[in-house]
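I have placed the structure first, in the form of structure tokens, so that the comments after it can refer back to it.
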Amino acid sequence: MTALDFLRLDLPALLAAILACGTCGLLGSFLVLRRDSLLGDALSHAVLPGIIAGFALTGARAGLPMLLGALAAALLAVVAISLVRRVARLESGAATGAVFTSFFALGLMLMEATGARSVDLDLDCVLFGQLESVVWLEAQGFGSLLDPTALAALPRQLFLLAAVATVLAGLVALLWRPLHLLCFDPDYAAAIGLPARGLELALNLMVAAAAVAAFEAVGSILVVAMLVCPAAAIRLLTDSYRAQVLGGAALGAALGALGYALAGPLPAAFGQAFSLNAAGVIGTLGGLAVAGAMLLRQLRIAPPKPAVISG
Amino acid sequence: MTTPAPLAITHLTVAYGDKTVLWDITWQAAPGLTAIVGPNGAGKSTLLRAALGLIPSIAGEARFFGRGLAEVRNRVGYLPQRASVDWDFPATALDVVCMSRYPRMRWWGRVPKAERDAALGALEQVGLADLADRQIGRLSGGQQQRVFLARALAQDADLYLMDEPFAAVDAATEQAIIAVLRRVVASGRSVIAVHHDLSTVPSYFDQVLLLNGRAVAAGSIKSAFTPDAIARAYGGRLNVLEQAVAEGGLR
């Protein structure tokens, strides 16, 4: 593997994996703290019709329309879930399950009907993403990292991921305290006059945004894994809100980097010919991280920060 | 001249789906220490939660100090049931008490020192200043209940709505809590608490609301907490122990 190969093929994909997994890890903590982890699963599937609609309307895999379509679909799904819960008086798991599977199925139908499938999006892409296709062919050497024209040719997924990660990190910082209270005691938040409903909606839309931005790069399976696994692993190891939220993001990013490296570049560097689907490896590491955290907790050697992932 | 009641409820009706829980409740709480008493499923918590707008009501309204809740929200404190939250949650006792002051702070950055001190003061009032930095899951049930009490106190309100402040605490904690509530009332504020133990109603409270879906009786302990009214509130469901209290324990 030459330095040029690394710049052109591995660096952009590695950055995409880190940004996607870090962003999902950041928001996953709020889902885990609210004991609503599967809402991430639900939202990341429910956005599909919006993504396809955005794609069909613009005829291109442009980031922004697809993101906006996905957010609209997420908003509809969240409203539908609370409606079903209230009107049909189903428990929330059933309401969530009914809504997100319908939305996902609708998305698959739309994919067929609009011809989106034949062009550029297919089931493999939906499930596993296209991390390996995030490449930077304009790179001529490390000098390109400082060359504006070459940088402008970085894959657009990276720009979208970086923008979404920045906005979401900013929102989490801005809503730091209300989110803490919302996760702990939403009724009390409402009772003292915080806009609990609005915060809840904002949080759900933030999760949807993270899911969508990550979805194209790493696929829906990995989005679900990264929304739940890093946060769940950290949850077993810390009693601090700050360590939980920041640790979830850090562990997500670390798993993304490690998983990508293990899937191809590292074996290649040691002369091994095999390579694996990066999303699959990262997702597996996510499960191992949770298992490792459980072991650590059992052994009662919980360190302030989980530094080692067995895997 | 009369000052408006801390809480006045008129024609409040609340239903979950098609099951009506509260029927046409009209009730005025006098200043002081008031108990809401009734059998399981009588709608005691529902009454507090509906008054605070946490659940929708079909009809009726609640006025606080003669005004709508939105106008006087900072004068109304709330203590939810202890079992309503996850005590494994990553937060210290001080974090939880600080939550009551969030509406007075910016949403980001450090908790201002003045707010932190107010929260610490509330913890001190309930005797938990030493445990301020302990994670809430590592507190005993009684200590958790006192953290919730401190959080309500830190709201610095004129009326406190408390949902079972004595639930599952030991006798010593119960005495500590009632002492705090008496101090609150002595300083001219009011407390309305959902209460389960009929035998302590007369010694702890000034007023009572007997509830069983409807308002069965309300007023001073002497006028409203009569064996007859208690029997009506509890219907056929009064157990032997409660029967004994209703018949013998009150004079």
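Matching residues to (1) in a helix (DSSP H, G or I); (2) aliphatic (A, V, I, L, M); (3) over 30 Å from B:ASN212 (Cβ atoms):
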residue: B:ALA83; (1), (2), (3): yes, yes, no
residue: B:CYS98; (1), (2), (3): yes, no, yes
residue: B:ASP117; (1), (2), (3): yes, no, yes
residue: B:PHE148; (1), (2), (3): yes, no, no
| So which residues in the range B:164-190 are charged (D, E, K, R) and over 16 Å from the mean Cα position of the chain (by Cα), if there are any at all? | B:ASP170
| request: Show the residue pairs that are 6+ apart or on different chains and have beta-carbon atoms under 8 Å apart, the first residue being within the range B:167-186 and over 20 Å from B:SER140 (Cβ atoms), the second being of a type in the set (Asp, Glu) and not in a helix (DSSP H, G or I). | output: B:VAL185/B:ASP206
| remark: Only one of (1) in a helix (DSSP H, G or I); (2) out of contact with any Lys or Arg (no Cβ under 9 Å at 6 or more places or on another chain) does not apply to B:GLN144, and that is (2)
| said: Looking at the range B:12-40 only, could you name the residues that are surrounded by fewer than 22 Cβ atoms within 10 Å (Cβ to Cβ), part of a loop (DSSP other than H, G, I, E, B) and either touching a strand residue (DSSP E or B) at 6+ places or on another chain (Cβ under 8 Å) or of a type in the set (Lys, Arg) (or both)? | reply: B:ALA30, B:PRO31, B:GLY32, B:PRO39
| field | Residue that is farthest from the other protein chains (Cβ to nearest Cβ), among those in the range B:56-74 that are buried (at least 17 other Cβ atoms within 10 Å of the Cβ) and in a strand (DSSP E or B) | value | B:GLY60
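Does B:ALA132 satisfy the criteria of being among the small types (Gly, Ala, Ser) and within 12 Å of another protein chain (Cβ to nearest Cβ)?
Numbers: among the small types (Gly, Ala, Ser): yes; within 12 Å of another protein chain (Cβ to nearest Cβ): no.
Here the answer is no, as B:ALA132 does not meet what is asked.
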| remark: Reported set for the range B:134-162 where residues are of a type in the set (Asp, Glu) and modelled with pLDDT under 95 is B:ASP156
| field | Residue that is more than 18 Å from the chain's Cα centre (by Cα), in a strand (DSSP E or B) and modelled with pLDDT of 90 or more, where the choices are B:ALA217, B:ALA229, B:ALA233, B:ALA193 | value | B:ALA217
| message | Of the conditions (1) within 14 Å of chain B (Cβ to nearest Cβ); (2) in contact (Cβ under 8 Å) with a residue 12 or more places away in the chain; (3) within 18 Å of A:ALA77 (Cα to Cα), A:VAL224 satisfies every one except a single condition; which number is it? | response | (1)
| query | Residues of the range B:75-98 being within 9 Å of chain A (Cβ to nearest Cβ) and closer than 21 Å to A:ARG235 by Cα, which ones? | reply | B:SER84, B:VAL85, B:ASP86, B:ASP88, B:PHE89, B:PRO90, B:ALA91, B:THR92, B:ASP95, B:VAL96
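Somewhere in the range B:1-11, is a residue assigned to a strand (DSSP E or B) and over 17 Å from the mean Cα position of the chain (by Cα)? Break it down stepwise before answering.
As a first pass, look at the range B:1-11 and keep what is assigned to a strand (DSSP E or B): B:7-11.
From the residues that got through so far, the ones that are over 17 Å from the mean Cα position of the chain (by Cα) too are B:10-11.
Within the range B:1-11, one or more residues are assigned to a strand (DSSP E or B) and over 17 Å from the mean Cα position of the chain (by Cα).
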| task | Could you please find all residues in the range B:99-129 being small (Gly, Ala, Ser), more than 12 Å from chain A (Cβ to nearest Cβ) and out of contact with any helix residue (DSSP H, G or I) (no Cβ under 7 Å at 6 or more places or on another chain)? | result | B:ALA114, B:GLY121
| said: Whether any residue in the range A:195-204 is away from chain B (no Cβ under 14 Å) and closer than 18 Å to A:LEU15 by Cα is what I want to check. | reply: no
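Specify which of the listed residues (A:LEU179, A:LEU171) is surrounded by fewer than 21 Cβ atoms within 10 Å (Cβ to Cβ), at pLDDT 95 or above and within 14 Å of another protein chain (Cβ to nearest Cβ).
So the residue among A:LEU179, A:LEU171 that is surrounded by fewer than 21 Cβ atoms within 10 Å (Cβ to Cβ), at pLDDT 95 or above and within 14 Å of another protein chain (Cβ to nearest Cβ) is A:LEU171.
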| Only one of A:ALA202, A:ALA231, A:ALA211 that is surrounded by 24 or more Cβ atoms within 10 Å (Cβ to Cβ) and more than 10 Å from the chain's Cα centre (by Cα) | A:ALA231
| task | Identify, by number, the condition in (1) within 30 Å of B:ALA231 (Cα to Cα); (2) within 16 Å of the chain's Cα centre (by Cα); (3) of a type in the set (A, V, I, L, M, F, W, C) that B:LEU54 doesn't meet. | result | (1)
| field | Residue satisfying all of: in the range A:227-263; without any contact (Cβ under 8 Å) to a residue 24 or more places away in the chain and among the small types (Gly, Ala, Ser); nearest to the other protein chains (Cβ to nearest Cβ) among these | value | A:SER240
| query | When residues of the range A:51-110 are filtered for being closer than 20 Å to A:ARG34 by Cα, surrounded by fewer than 15 Cβ atoms within 10 Å (Cβ to Cβ) and in contact (Cβ under 8 Å) with a residue 60 or more places away in the chain, how many remain? | reply | 0
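The values are calculated or read from the model by the stated rules, or taken from the named source; none is laboratory data. Predicted model, so just to flag it, every value in this text is computed and none were measured. Virtual Cβ from ideal backbone geometry, glycine too; neighbours counted across all protein chains shown.
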